[in-house]
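Values in this text are rule-based calculations from the coordinates and carry no lab data. Being a predicted model, the structure only gives us computed values, none of them experimental. Every residue, glycine as well, gets a Cβ built from its backbone with ideal geometry; the counts of neighbours run over all protein chains shown.
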């Protein structure tokens, strides 16, 4: 009987130790993915191909570990695809990131999604859709008392109505 109790205790301690190691490893992987994400963000203007490769590594690693990193990676890839005129893919990736932001209830990430989608539509000349994105983002920024994003959304709303002002004048 003592041996059974001892082996149960030893197994429980071993399991606890292994779980702790796995948790630390996941935290370390998440930190490494955050660093890679920052590198990819800084690369995408100068070397889109390199940024694309780094984003894909982070995408693969962070899918199960950190939904925020995963969504940020999708947004970074959406900017690369937008610059390459693959607009459908960019919109799809922003939509996927938006669903993650909703799921994890990250208002800052959700505002970033609205801003990127609105800018994408603005670049495509789809002013009504861009205004809708900026309006939703502004409402969210007001509700969360985020002054900086209120400024960004107001500025983009003004830019999105410029074509209509030119038509009227």
Taking 0.36 nm per residue of separation and subtracting the Cα-Cα distance, what length does fully extending residue 155 through residue 107 add? 15.4 nm
Residue 126 versus residue 99: modelled label distance in nm, points set 7 Å from Cα along the beta carbon direction: 1.8
Give me Rg/Rg_expected for the range 106-169, where Rg uses Cα atoms only and Rg_expected = 2.2 N^0.38 Å with N residues. 1.09
For residue 60 and residue 142 in one chain, what is 0.36 nm times their gap in residues minus the Cα-Cα distance, to one decimal in nm? 26.1 nm
